[in-house]
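A.B. asks: Would you mind keeping the following structure in view while I ask a few things?
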Amino acid sequence: MPFVVAAFALFAIILVFKAIKIVPQGNAYTVERFGRYTRTLMPGLTVILPFIDRIGARINVMENVLEVPEQDVITYDNAMVAVDGVVFFQVMEPASAAYEVNDLQRAIVNLAMTNIRTVMGSMALDELLSQRDRINQTILGVVDEATSTWGVKVTRVEIKNIEPPRDLVDAMGRQMKAERDKRATILDAEGDKQSAILRAEGHKQSAILEAEGRREAAYREAEARERGAQAEGKATRDVSGAIERGDLQAINYFVAQKYVDALKALADAPNQKILFVPQEAAGTIGALGSVTEIVREAFGGGGGGSSGRTIPSAQASTASRNSPRTRSSVPSSEHPMTLRPEPDSPWDP
């Protein structure tokens, strides 16, 4: 009797262990009844029928990564390169992954290798090295579509290394160096071109400004000559008016000024080392005396615009004795003691 009780107790314990199943998180178990799939156990505590149901496949439903082994690929332009990569996938339907394909991971790896050769073999080497994103997306689309019947979602395919042959790498290095030398030469030429253009623009602006300066200077000089001519004409008109009114002192001043200017120009000439003063210099001094008379008359010190100077008889006799060129004029009834001196200079009236 104790033996029977112990046997029943042991059998009950075995039944409990067979009936109760604990599924870890990130996994899914398939249940088979008499060898046929019935349901999928999700993470947690679950009870099955012992000796009737059993656990079929334990599937990892987390995202997994598979290494794609290195393989040689011949590109469209007959360049051989060594390529490897990685594949990320996740089981979405544990039953399909367990019963639709045998050795799921090996199947995914071989499928990825085959499509890598297909996609990369249809591209040239330059495209292969510069368009990895396009290659990854193309392979991902093909592999994901092929594994969808297995209850698997391929989330990402990445090409890790693309290694061309060594001689091809050296040729590519020389090509890159030549291309960069070409770009440097073009940039130098562009710089020289821009520099020449800027220098030409600078010369152009300088010439324009210089021409404008000469034009402005010529305009100012012409205006100055015009003003000088106007002043000269006004002075000439004033002198002519004074002569018409009988004032000979104005013409004496005008002639004396021109005479002094002529002597100054003669003295300032660079090719003149010795200056010969003409004998008529005394006449010039006399003309300057006339200037003094003009100033005296202008400020109220002298009298009027008569054509001759009225001097006393004693002064007249003294002037007659001192100046060999002075001669007496015929006395008039109005001015009995008026003398007209003989001109000391051809410019004196």
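A.B. asks: For LEU209 and GLU179, FRET efficiency with R0 = 35 Å and r from the beta-carbon atoms, rounded to 0.05?
C.D. replies: 0.20
A.B. asks: Rounded to the nearest 20 Debye, what is the dipole magnitude of region 115-164 about its Cα centre when Lys and Arg each give +1 and Asp and Glu each give -1 at the C-beta?
C.D. replies: Result for region 115-164 is approximately 160 debye, rounded to the nearest 20.
A.B. asks: Give me the dipole magnitude in Debye, nearest 20, for region 64-164 about the Cα centre, with unit charges on the beta carbon: positive for Lys and Arg, negative for Asp and Glu.
C.D. replies: 180
A.B. asks: Another question, then. How much length is gained if the chain between SER195 and ALA231 is pulled fully straight, taking 0.36 nm per residue apart and subtracting their Cα-Cα distance, in nm to one decimal? It would help to have the intermediate numbers written out before the result.
C.D. replies: Details: separation 36, 0.36 × 36 = 12.96 nm, distance 5.28 nm.
Contour length minus Cα-Cα distance gives 7.7 nm.
A.B. asks: So for VAL47, VAL143, VAL5, fewest C-beta neighbours within 10 Å to most, what's the order?
C.D. replies: VAL5, VAL47, VAL143
A.B. asks: List the lysines whose Cα sits under 22 Å from the Cα of LYS234, skipping any in the same chain fewer than 8 residues away.
C.D. replies: LYS258
A.B. asks: At 7 Å along Cα-to-Cβ for each site, give me the label-to-label distance between ILE22 and ARG58 in nm.
C.D. replies: Going from the ILE22 label point to the ARG58 one covers 1.3 nm.
A.B. asks: Turning to a different aspect of this structure: From the phi angles alone, apply the Karplus equation (6.51, -1.76, 1.60; θ = phi - 60°) to region 25-36 and give each ³J(HN,Hα) in whole Hz, x where the residue is Gly or Pro.
C.D. replies: 5, x, 10, 9, 10, 9, 10, 10, 10, 6, x, 10
A.B. asks: With θ set to phi - 60° and the Karplus curve 6.51 cos²θ - 1.76 cosθ + 1.60, what are the ³J(HN,Hα) couplings of region 105-121 in order, to the nearest whole Hz, using x for Gly and Pro?
C.D. replies: Ordered by residue, 3J(HN,Hα) equals 5, 5, 5, 5, 5, 5, 5, 5, 4, 5, 6, 4, 5, 5, 5, 6, x Hz.
A.B. asks: Extending each Cα 7 Å along its Cβ direction at GLU145 and ASP170, get the distance between those two points in nm, one decimal.
C.D. replies: Computed distance between label sites GLU145 and ASP170 equals 4.3 nm.
A.B. asks: Going by Cα centres, region 6-55 and region 93-166 are how many Å apart?
C.D. replies: Taking the Cα centre of region 93-166 as reference, the centre of region 6-55 is 37 Å away.
A.B. asks: Then there is this: Convert each backbone phi in region 56-66 into a coupling constant with the Karplus relation 6.51 cos²θ - 1.76 cosθ + 1.60 (shift: θ = phi - 60°), then list the ³J(HN,Hα) values in order as whole Hz, x for Gly and Pro.
C.D. replies: x, 10, 9, 10, 8, 9, 7, 6, 10, 10, 10
A.B. asks: Hey, another quick one. Treat each spin label as a single point 7 Å out from the Cα along the C-beta direction, and report the LEU129 to THR38 distance in nm.
C.D. replies: Rounded to a tenth, the inter-label distance reads 6.2 nm.
A.B. asks: Sticking with this one: Ranked by Cβ crowding within 10 angstrom, fewest neighbours first, how are MET92, MET176 ordered?
C.D. replies: Numbers: MET92 13, MET176 10.
Ordered by Cβ neighbours within 10 Å, fewest first: MET176, MET92.
A.B. asks: Would you work out which of SER240, ALA200, GLN230 lies farthest towards the positive end of the dipole of region 166-241? Charges go on Cβ: Lys and Arg +1, Asp and Glu -1.
C.D. replies: Result: ALA200.
A.B. asks: May I ask you to derive the FRET efficiency for VAL109 and LEU15 from their Cβ-Cβ distance with R0 = 56 Å, giving the value to the nearest 0.05?
C.D. replies: FRET efficiency, VAL109 to LEU15: 0.85.
A.B. asks: Here's another thing I want to ask about it. Radius of gyration and Dmax for region 57-130's Cα atoms, expressed in Å?
C.D. replies: Taking only Cα atoms of region 57-130, I get Rg and Dmax of 15.3, 47 Å.
A.B. asks: Lys and Arg at +1, Asp and Glu at -1: add these up for the other residues within a Cβ distance under 14 Å of ILE208 and post the number.
C.D. replies: Surrounding charge for ILE208 is -1.
A.B. asks: ASN27's amide H: which non-local residues (gap 5+, or another chain) put their own amide H closer than 5 Å, with H modeled 1.01 Å from N in plane and none for Pro or chain starts?
C.D. replies: Those qualifying (amide H under 5 Å, at least 5 residues apart or on another chain) are VAL61.
A.B. asks: Here's something else I'd like to know. Straight-line reach only, C-alpha to C-alpha below 20 angstrom: list the lysines that LYS182 could link to, leaving out same-chain residues fewer than 8 apart.
C.D. replies: Filter leaves LYS193.
Every read-out reported here was derived from the displayed coordinates using simple, explicitly stated rules and does not represent laboratory data. Predicted model only: the values in this text are computed from it and were never measured. Cβ atoms come from the backbone with ideal geometry, glycine included; neighbour counts cover every protein chain shown.
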